[in-house]
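**Student:** Structure below; questions to follow.
The values are calculated or read from the model by the stated rules, or taken from the named source; none is laboratory data. Keep in mind that this is a model prediction, so the values were computed, not measured. Quick reminder, even Gly has a Cβ in these numbers, built from the backbone with ideal geometry, and neighbours come from all protein chains shown. Just so you know, the surface numbers come from the protein's heavy atoms only, side chains and all, with ligands and any DNA or RNA stripped out. Shrake-Rupley method; radii C 1.70, N 1.55, O 1.52, S 1.80 Å.
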Amino acid sequence: IRGAPRAISGLTSNRNFLLGGEAPNFQAILAVGHPDNPFNNDATPGRAAVGIRFSSLPPGNTESNIKQYRGLAGVRGTFGSWDWETALLWNRTERETKEFGFLFLPVLRQMLGAPGPASGRSLASINADPNLSVPLKNVASAEIRQIDAKVTTEFGQLAGGAIGFAAGVELRQESIGIETDKNIAVGNILGLSNTALDGKRNVQSAFFEFRTPF
């Protein structure tokens, strides 16, 4: 997925999120004394809201790589009048997403500053900074591990045939994880929220049944 280089507007304030909270907002308003603020004399004092599209940025770009793994093994047999079978299952999905062209706040904030003759870097120098954008990587995974076993047999006799019996158990562990990029987690990327997950659960089940062909 590709898009145009990102832009900012000083007319609105951008909320910025870190993992588990909110980072300070950012608004592109140039203070008095900034080299790109035209309102720097006594006749027209004031601050200037700036809008800019950073031509030096790579195009907005997202690359996703998804991998799927699956393993299944089972055995079956007979012991006397009992048929039995058991199986092991392992299934895992991994997704790696790389994102490019997002704005790096520690550089972007350098255009701001307290009023004075040196109250921020020029927009041209910000645009030329190689660290204005940093690549981001988010990793997610989901996994299932499972073992099950089942036995069946027949005994006795009814009008429609032998009585059937089956029983089985299943043990399953499900896990999911999302690891967000460290720069997103600490609130260094303009306007991006983030999610982090690390959880699992164990599921156990059992059954038995009779077939009675009256």
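**Student:** With point charges of +1 on the Cβ of Lys and Arg and -1 on the Cβ of Asp and Glu, referenced to the Cα centre of the chain, which listed residue (PHE79, GLN157, PHE54) lies farthest in the positive direction of the dipole?
**Tutor:** PHE54
**Student:** Now for a separate question. Mind putting together the pair-distance distribution for region 152-214? All Cα pairs, 10 Å bins, whole percent per bin, short to long.
**Tutor:** 17, 21, 15, 14, 12, 10, 8, 2
**Student:** Could you count how many Lys pairs in the chain have their Cα atoms under 19 Å apart, skipping same-chain pairs fewer than 8 positions apart?
**Tutor:** Final tally of qualifying lysine pairs is 5.
**Student:** Let me ask another. What is the distance, in nm, between label points placed 7 Å from the Cα along the Cα-to-Cβ direction at ARG15 and at ASP198?
**Tutor:** In this crude label model, ARG15 to ASP198 measures out at 2.7 nm.
**Student:** Please report, in Å, the Rg and the Dmax of the chain, where both are computed over Cα atoms only.
**Tutor:** Values for the chain (Cα only, Rg and Dmax): 31.0, 108 Å.
**Student:** Now, a different point. With a sphere of radius 12 Å drawn around the Cβ of ASP83, what net charge do the other residues whose Cβ falls strictly inside it have (Lys, Arg +1; Asp, Glu -1)?
**Tutor:** That sum, taken over residues with Cβ under 12 Å, equals 0.
**Student:** Just how large is the dipole of the chain about the Cα centre, in debye to the nearest 20, putting +1 at every Lys and Arg Cβ and -1 at every Asp and Glu Cβ?
**Tutor:** 380
**Student:** Would you please calculate the Kirkwood hydrodynamic radius of region 107-214 over all C-alpha pairs and express it in Å, rounded to one decimal? Mind showing how you got there, number by number?
**Tutor:** Numbers: mean 1/r = 0.0493 Å⁻¹.
For region 107-214, the Kirkwood estimate is 20.3 Å.
**Student:** Below 9 angstrom from the Cβ of LEU136, what's the summed charge of the other residues (Lys, Arg +1; Asp, Glu -1)?
**Tutor:** 0
**Student:** Roughly how many percent of the accessible protein surface of the chain is carbon and sulfur, given a 1.4 Å probe and a whole-percent answer?
**Tutor:** Carbon and sulfur: 56 percent of the exposed surface of the chain.
**Student:** I'd like the accessible area for ASP36, computed on protein heavy atoms only with a 1.4 Å probe and all protein chains in place. Round to 10 Å², please.
**Tutor:** Counting only protein heavy atoms, ASP36 exposes about 70 Å² to solvent.
**Student:** Next up: Let me check something: with ligands and nucleic acids excluded, how do GLU179, GLU96 order by accessible area (1.4 Å probe), largest to smallest?
**Tutor:** The most accessible residue leads, giving GLU179, GLU96.
**Student:** Give me the dipole magnitude in Debye, nearest 20, for region 142-214 about the Cα centre, with unit charges on the beta carbon: positive for Lys and Arg, negative for Asp and Glu. Mind dumping the intermediate values first?
**Tutor:** Values: 7 positive and 9 negative charges, 19 e Å.
My answer is approximately 100 debye.
**Student:** Enter the accessible area per residue of the chain (Å², integer; probe 1.4 Å; all protein chains in place). Working shown, then result.
**Tutor:** Working: 13090 Å² over 214 residues.
Here the per-residue accessible area is 61 Å².
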